[in-house]
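To keep things clear, I will list the structure first and then write my remarks on it.
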Amino acid sequence: MEVTDIGNKEEGKVWHRKPAPGKSVLVTVVRTAQQAKTVRFLHVAFDTTGDSFLAGDHHGNIYVFDISRNRFRLVQKTGQACTALAFSLRRTTEFLVALVDYTIKCFDKDTKQLVSWMRGHEGAVSSISVHSSGRYAITTSSDTAQLWDLDTFQRKRKLNIRQSVGIQKVFFLPLSNTILSCFSDDSIFAWESDTLFCKYQLPVPDCGPKISYKAFAVTRDGKSLAAGGRSNLLHLWCLDNKQLVRVIQMPTQVRTVRQLEFLPDSFDGGASQTLGVLSQDGVMRFINIHTCKLLFHIGSHDDAITAVSVSPNGRHVVAIMDNGSINVYSVQSLTQELNKPPPSQVAVVSDAEADQLSNLKVKVKSEVVQRPAKSSGCRTQVKILRPPAGSTVEDKENELPAGLNKKRLVALLKAFGEYPAKYRMFVWRSLLCLPENHAAYSSLTDKGLHSAYLTLHDKYPIKSHKLQRGLQRVLSALAHWASIFGEVEYLPLVAFPFVKLFQNNPMLCYEVVATVIVNWCQHWFEYFPNPPLNILSMAENVLAHHDKELLQHLMDCGITSQVYVWPLLETLFSEVLTRDEWLRLFDNVFSNHPSFLLMACVAYVTCCREPLLLCAQKQDFEYFFHHRNNLDVGAMIKEAYRLMSSTPADIHPRTMLSDFTPLTKGQYPVFNHYPEFIVEYQSREREKIRLQEMEYLRERQEVSALRADFVRRQAEEDAYYTQQDLLQKAEEQRRNILAQEEEKLTEQRKKLAAMKRELKVKELQLLDATRRRFLKQQQDVRASQIQRLDQEIGRKMDLRERETAAAVQDLEVRQMELEVQRRRLEQTLLKEQERMGREVEEEVELRMRKAEREEEGYTELLHSAETNMQALEESLAGACQLGLESDWQREVAERLQQVDAEQERKRERLAELHRQTLAEEERLADTMRDVAGRKWDEVMSTRARLQEQRQPRCSAHTDGQKQMKMRSPCSTRGLPHRQSSTTGVHDGSTAAGPAVRSNAATNMVCLNSSSPSESTSTNFSLDRGRAQLDSSERELLKEVRELRQRLAARARESSSASSQSVHTLSSVSQ
């Protein structure tokens, strides 16, 4: 199997040596970047011809591999990993790439130019399906599928779904315009691509386990659909009748189906019968969907497959492996075993002795049957002849374990050139007659790893750790079996091919290697530690007999058999042959005499005589026999058989080599075909060297430890002194920093203290200014108040003066009027005295009734106020009952108390004002009485003078006038007081009091002033009733005061009730 590392190359060859016919894996392509890191390939896609395919790695590089031309080329660097590829467009040079940024780009592989950039997905694109015409493409993500026109690169349709149902895959059916959409709920719908009309829905079985479809595949004719998912069951539909035709159950190793691919055939008309099933174990199994038989498989548990693409022509299969490489398989090589005609099966009936040897079992073997000529009958009879008695020993020699016959195997080998790959290991085990001594092998492996192979990985580094451990285990077992195998340096080269071939069965590997050493490595160790000169001489003698010219050329160039034979023997041809070629060679080696291996070496040399004759330098010969060359292995094997048959007996290696001897059963044979003293000496020397080396390593380790300790201590000491210096410097630096910081802190403190002082001064200034402003404001307020008081006092004084002046003026004017009218009134006074008396009495009664009506109205008003109070109290009680809380009641009570207190203060102020008013009225009454007394004295004196002048008058009407005079002063005296009281009740002002009283006094003067015709008896009666008049006046004033007090009390009660009702209503409304 050839491995091609493309590395950072942009173009080159896919394989450097043409793959041999029959190889299933044509080439393995890997890409290693810097520092030997493997760059993983992610996706592959074939073109319409099937000769080229695209491959994209996770660095964003897109390569085109042309299998027919054996070329690869880097066509694009996208810079980001791809999620899907498509290479079957109508324009064959263009391809589609879906990237991880949810976009799809179209590139041209020849010009490496970007053709178009399509956006629209909101998730990673998982697949790209191209129509058979190459004009349309469907891109699918988990949430949507979109149909694109590849001529205009415009989106034609978009499939949106619910978030609960995801899309698994949407793709075109081959050779039709039908689109299949598969959803996560296992529903499958078919749509018309032009109209998006739903044509049909495929039935999904309700019974049985749910598969959860993940993988789908359609045959080239578009008539069959296969689906698989999280199960080992496959569903196969016929799309013509829309029915589920078959349910295929895969082997139990299959638990999940990852990918399905039909394998096309040129002669099936598109109705593919072979289906490839990639499962979770990384193995792709190809089955026949009609017979449900497993045909072949690719991949393994150690070399798992992650994705597969099948070419449209059915010639190649490209697989992306788990390690990130690409394997290109040849379908013809994979199916060649299926296309071979089955061998004839005949039964061999042996005699009793043979039956006893075969444990009385009838065995069916595959033989070449010789058919006789056709007889006249229609039947062809096969005759089985009994073997002659003399051939029994030969048959015993050819009999192999497991019922095989060596002669028949050799005949089969000569017919086909190699054993079937499927049964090769079984054939080898039979040819080598492996004893399978499990106990003996376990005793060898229990000894552990041999000291000679503890450091094998240093000399022979192998990438696979499993292979490395297997080789180390087999070599250690050989070294424990025979001590020489711990000293042979080329033994890993001999054992490595078998270890790689039998890596899963180490015991068989060990027995195969031991059998090869015992039989095909005879006399190799007699000249140890030198190469086996006797064996090389045999090969040289054979070469000298068959090709003297070539041997002479080699001798002229100074090339011995150690150069052209020994490299082939010590590696058992593993360096110069590929895996398939090596297996084919050893099929023949194990089927022939041990001398066949030497003949194969001579045949290899003679088959390469032309290039060897052109070589002249030793380095060229050494390179030639250590590297692969263009050689036909079949021709070399034929040449080996020719040499085996044509070599004379005197120089034939067969005469000097023993026949094949298998390993003994139970215990392995003793191997001592080597110079024991040399091996023991070398073993002792090696053990001595090993002990010395261990001692040296121990001393070296101790010295290294002491040196490391010394270096560590020195480093610690240097680090300590360096640290002390750094600490000292850091301490000095920090001291300087602290000093600087202290200076800065001192300066900042000074600045802060100065700022505090400034702030304190400013604060004091502000407080002083505020205080002065406040004092000035208070002074202004007090000055304005004093000014207002002064103005009020001045206004009141002016008002008082104006009132006094007006009263004086009124008195003077009244006096003048009285003087003017006195004479006129004296004439009419007597006539109107009675009328005026009656009118005065009526007026007094009217005023009394009016006062009573006002008192009744006031009483009614008080009653209505009380009624309102009761209604308000009832409403308040109702409101309280409807849900007022106790805090509202307390608030109402508090407010009522505040109102009561306020009303009490108002009542006190009103009482004070009333007292002041009464005092003022009392003072004015005293003043009026004084003025009236003085006037009365003047009047009396005047009357006296008039009486003296009118004494001659008659006293006829003295009594009548006296009675009238006695009645008029009483009535006239009561009038001013009643008017003053009435005026005080209705007006409530003290300003009208002096005027009323002055008028009353004037009236009194007018009433008491009599005409000159009044007699002296009248004056006497007036003087005598003065005391009575004063007492009645005091009683009247007392009644007026009581009446005022009652009115004031009622007014206070009414005002308090009204204010209480107002506050209650306001509290209720709140």
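The values are calculated or read from the model by the stated rules, or taken from the named source; none is laboratory data. All values derive from a computational prediction rather than experimental measurement. Backbone-built Cβ (ideal geometry, glycine too); neighbour counts: all protein chains shown. Only protein heavy atoms, including side chains, enter the accessible area calculation; ligands, DNA and RNA are left aside. Shrake-Rupley method; radii C 1.70, N 1.55, O 1.52, S 1.80 Å.
List of remarks:
- Across the range 848-859, the number of residues qualifying as more than 18 Å from R1050 (Cα to Cα) and open to solvent by less than 80 Å² (accessible area, probe 1.4 Å) comes to 1.
- On inspection, L501 fails the criterion of being open to solvent by 10 Å² or more (accessible area, probe 1.4 Å), under 21 Å from Q562 (Cα atoms) and either among the aliphatic types (A, V, I, L, M) or modelled with pLDDT under 85 (or both).
- Residue that is nearest to Q815 (Cα to Cα), among those in the range 908-947 that are buried (at least 18 other Cβ atoms within 10 Å of the Cβ) and among the charged types (D, E, K, R): K935
- Restricting the range 208-265 to residues that are among the β-branched types (V, I, T) and within 33 Å of the chain's Cα centre (by Cα), the residue that is modelled with the lowest pLDDT: I211
- Considering the range 649-682, the residues that are open to solvent by 80 Å² or more (accessible area, probe 1.4 Å), in a helix (DSSP H, G or I) and at pLDDT 75 or above include one that is farthest from V602 (Cα to Cα), namely T655.
- Pick from the range 233-252, criterion out of contact with any Cys (no Cβ under 7 Å at 6 or more places or on another chain) and within 14 Å of F286 (Cα to Cα), ranking: most open to solvent (accessible area, probe 1.4 Å): Q249
- Given (1) among the β-branched types (V, I, T); (2) surrounded by fewer than 21 Cβ atoms within 10 Å (Cβ to Cβ); (3) closer than 23 Å to P567 by Cα, index of the condition V488 fails: (2)
- Search result, residues across the range 1-24 that are open to solvent by 20 Å² or more (accessible area, probe 1.4 Å) and outside any loop (DSSP other than H, G, I, E, B): V3, D5, E11, K13
- Boolean, D221 is open to solvent by 80 Å² or more (accessible area, probe 1.4 Å), free of Cβ contacts under 8 Å to residues at least 60 places away in the same chain and either farther than 24 Å from A271 by Cβ or of a type outside the set (K, R) (or both): no
- Only one of the numbered conditions (1) open to solvent by less than 10 Å² (accessible area, probe 1.4 Å); (2) assigned to a loop (DSSP other than H, G, I, E, B) is violated by P312, and that is (1).
- Residues of the range 107-152 satisfying the condition of being over 28 Å from F183 (Cβ atoms), surrounded by 15 or more Cβ atoms within 10 Å (Cβ to Cβ) and not hydroxyl-bearing (S, T, Y): F107, D108, K109, V115
- Some residue of the range 881-893 being under 27 Å from Q1045 (Cβ atoms), among the basic types (K, R), open to solvent by 100 Å² or more (accessible area, probe 1.4 Å) and at pLDDT 75 or above: no
- Subset of the range 282-302 [out of contact with any Ser or Thr (no Cβ under 9 Å at 6 or more places or on another chain) and of a type outside the set (V, I, T)]: M284, H290, C292, K293, L294, H297, G299, S300, H301
- Filter result (closer than 17 Å to V44 by Cβ, assigned to a loop (DSSP other than H, G, I, E, B) and of a type in the set (G, A, S)) within the range 98-126: S126
- Restricting attention to the range 25-45 and to residues that are open to solvent by less than 70 Å² (accessible area, probe 1.4 Å) and in a loop (DSSP other than H, G, I, E, B), the residue that is nearest to A98 (Cα to Cα) turns out to be V39.
- Cβ pairs under 8 Å, 6+ apart, first in the range 410-429 and over 20 Å from F660 (Cβ atoms) and in a loop (DSSP other than H, G, I, E, B), second modelled with pLDDT under 85 and polar (S, T, N, Q): none
- Among the residues making up the range 7-43, those that are over 17 Å from A319 (Cα atoms), under 42 Å from the mean Cα position of the chain (by Cα) and of a type in the set (A, V, I, L, M) are A33, A36.
- Cβ-Cβ contacts under 8 Å between residues 6 or more apart (or on different chains), taken from a first residue in the range 901-917 that is within 11 Å of R1052 (Cα to Cα) to a second residue that is open to solvent by 50 Å² or more (accessible area, probe 1.4 Å), are listed as Q903/R1052; R907/R1052; L910/R1052.
- Selection from the range 224-270 of residues that are in contact with a Gly (Cβ under 7 Å, 6 or more places away or on another chain) and in contact (Cβ under 8 Å) with a residue 60 or more places away in the chain: L239, L263
- Residue in the range 290-306 that is at pLDDT below 85, open to solvent by 20 Å² or more (accessible area, probe 1.4 Å), over 22 Å from T4 (Cα atoms) and outside any strand (DSSP E or B) present: no
- Those residues of the range 422-445 which are loosely packed, with under 14 Cβ neighbours inside 10 Å and either touching a strand residue (DSSP E or B) at 6+ places or on another chain (Cβ under 6 Å) or more than 17 Å from V474 (Cβ to Cβ) (or both), in sequence order: K422, Y423, F426, A439
- Residues that are assigned to a helix (DSSP H, G or I) and either charged (D, E, K, R) or in contact with a helix residue (DSSP H, G or I) (Cβ under 6 Å, 6 or more places away or on another chain) (or both), drawn from the range 607-618: C607, R609, E610, L613, K618
- Residue in the range 58-78 that is farthest from H131 (Cα to Cα), counting only those that are touching a residue at least 60 places away in the same chain (Cβ under 8 Å) and among the charged types (D, E, K, R): R71
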